[in-house]
Amino acid sequence: MNKLLEKLRKSRESKVPIGNYIFTISRPTEMDMITLPEGDQRQLMEALFKFVTGWNVKNLEIDPGGDANIADFDSELFVEWVNDKAELWSDLIAAIKASYNDHKQKMEDVEKKR
């Protein structure tokens, strides 16, 4: 993979604490935001959950017979797991949206200084 592309994608990442967890999220791009579904809350949440790219969830929190090691992140596994964690949804969605809004504000501030 192109090193500059890799660096750009990495620059969009941040870690957000939510409840007892720390999630790695990737800031949505302008294109991502304009193509988000409107109206249907479930479709919007599912679209935004794709921006979660990491976690510190333990195997035993997914599988009661599992161990205390951090589970390997897999986006499909994350969606299955988070579907039963309604207490995390609003904060997780808010963090993803905030990462976009913060970036947008920074870019607007840069433009004003030009």
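Overview of values
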| quantity | calculated |
| --- | --- |
| Computed [θ] at 222 nm, deg cm²/dmol, the chain (DSSP H ≥ 4; -39,500 (n - 2.57); rounded to nearest 500) | -16500 deg cm²/dmol |
| Gain on full stretching of the segment that runs from Thr53 to Leu5 - 0.36 nm per residue minus C-alpha separation | 15.6 nm |
| Fewest-first sequence of Phe78, Phe73, Phe51 by Cβ atoms within 10 Å of each Cβ | Phe73, Phe78, Phe51 |
| The chain: Rg to Rh, with Rh as the Kirkwood radius over Cα pairs | 1.02 |
| GNM result for the chain, Cα springs below 10 Å: residue of Glu87, Glu38, Glu13 fluctuating most strongly | Glu38 |
| At q = 0.18 Å⁻¹, base-10 log of I(q)/I(0) for segment 52-114 (Debye sum, equal scatterers on each alpha carbon) | -0.73 |
| Relative contact order computed over the chain (Cα-Cα under 8 Å; 6+ residues apart), in percent | 24 percent |
| Cut-off 15 Å between beta-carbons: net charge of the residues surrounding Asn69, Lys and Arg +1, Asp and Glu -1 | -4 |
| Sequence of Met33, Met107, Met45 once ranked by neighbouring C-beta atoms within 10 Å, starting from the fewest | Met107, Met33, Met45 |
| Pairs from Lys7/Lys113; Lys58/Lys104; Lys3/Lys97 whose Cα-Cα separation, in the structure shown, is over 31 Å | Lys58/Lys104 |
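Each reported figure results from applying straightforward, stated rules to the coordinates on display, with no laboratory input. All of these numbers come straight from a predicted model, not from anything done at the bench. Cβ: placed from backbone, ideal geometry, glycine included. Neighbour counts: every protein chain shown.
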